[in-house]
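Where a number appears in this text, it was derived from the coordinates with a stated rule and is not lab data. The shown structure was predicted, so the numbers you read here are calculated from the model rather than taken from an experiment. With ideal geometry, Cβ positions are generated from the backbone for all residues, glycine too; neighbour counts draw on all protein chains shown.
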Amino acid sequence: MFNKILVSIAMFLFAMNAHAAATEKLKTFVSSTHSAQANFTQELLDKNGKRIQFVSGMMQFERPGKFRWEYQKPYEQIIVGDGKKFWLYDVDLNQVTVKKLDAALGSSPAALLSGSNEIERGFNLTDIGMKDDLDWLQAVPRSAETSFSKILMAFNAKSELVVMELHDSFGHRTILRFSELKNNPNLSSQQFKFVPPQGADVLGE
């Protein structure tokens, strides 16, 4: 679950060269996007295509290593990366989970957009053409130590990433759809700081 969430945190809408192939757009994003903000929906499907979960919210990031991911419906969760630690706050349970950021990210596909310009060191990238008027690419992790077999990303005519699909080893798909991109906005540093609420149970490091 953490790996899926973390990948979701790392992936944002981004504007790039409209004439570039999807893989080139991805590389340009990693090198040129300092910060971003977008709304999202996240749908989890089982191997038969049946919906298991549907959530929505808003996410932000600022390089290097800072992000905020807020689930708003149907339940509230806040995920924050402050550059050193990963925080997950479950509002209903009043429970906080904290990990070292590197340990939380591990070898998950979050590394695809973690800030390094050497994308192809960890992933094999392939352009897979147009579908539904979107330009798609496939990223396959080089390491076997990941629960994902591949990631698909789709860009629209404006060179924004609007859909991402994460395929896991159990045949499940996590589909992310992004909207209302703000590329390189000025984000408050307070967005990437987290202090556990008074009385909350804190688990982890």
Using 0.36 nm per residue of separation minus the Cα-Cα distance, give me the extension gain between residue 130 and residue 145 in nm, one decimal.
-> 2.4 nm
Translational D in µm²/s for region 132-199 (Stokes-Einstein at 20 °C, 1.002 mPa s, Kirkwood Rh from C-alpha pairs) | 143 µm²/s
Once you list every other residue whose beta carbon is under 13 Å from the beta carbon of residue 32, what net charge do they have if Lys and Arg are +1 and Asp and Glu are -1?
-> +2
Residue span residue 179 to residue 24: 0.36 nm per residue of separation minus Cα-Cα distance leaves a gain in nm of 53.7 nm
Beta carbons within 10 angstrom, averaged per residue: use that to sort the peptides 147-158, 187-198, highest first.
-> 147-158, 187-198
Which links in 27/47; 47/150; 47/182; 47/99; 25/150 stretch past 26 Å when you go from one Cα to the other?
-> 27/47; 47/182; 47/99
Label points 7 Å out from Cα along the Cβ direction at residue 56 and residue 94: separation in nm?
-> 3.0 nm
Theoretical gain in end-to-end length, residue 48 to residue 72 [0.36 nm per residue, Cα-Cα removed] | 5.9 nm
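Could you please report the charge total around residue 197, scoring K, R as +1 and D, E as -1 over all other residues with beta-carbon less than 14 angstrom from its beta-carbon?
Its environment carries a net charge of -3.
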What net charge is computed for the residues neighbouring residue 90, neighbours being all others with C-beta under 12 Å from the C-beta of residue 90, Lys and Arg scored +1, Asp and Glu -1?
-> -3
Per the C-alpha gyration tensor (a ≥ b ≥ c, the square roots of its eigenvalues), region 166-205 is rounded if a/c is under 1.5, else prolate if a/b beats b/c, else oblate; here it's oblate
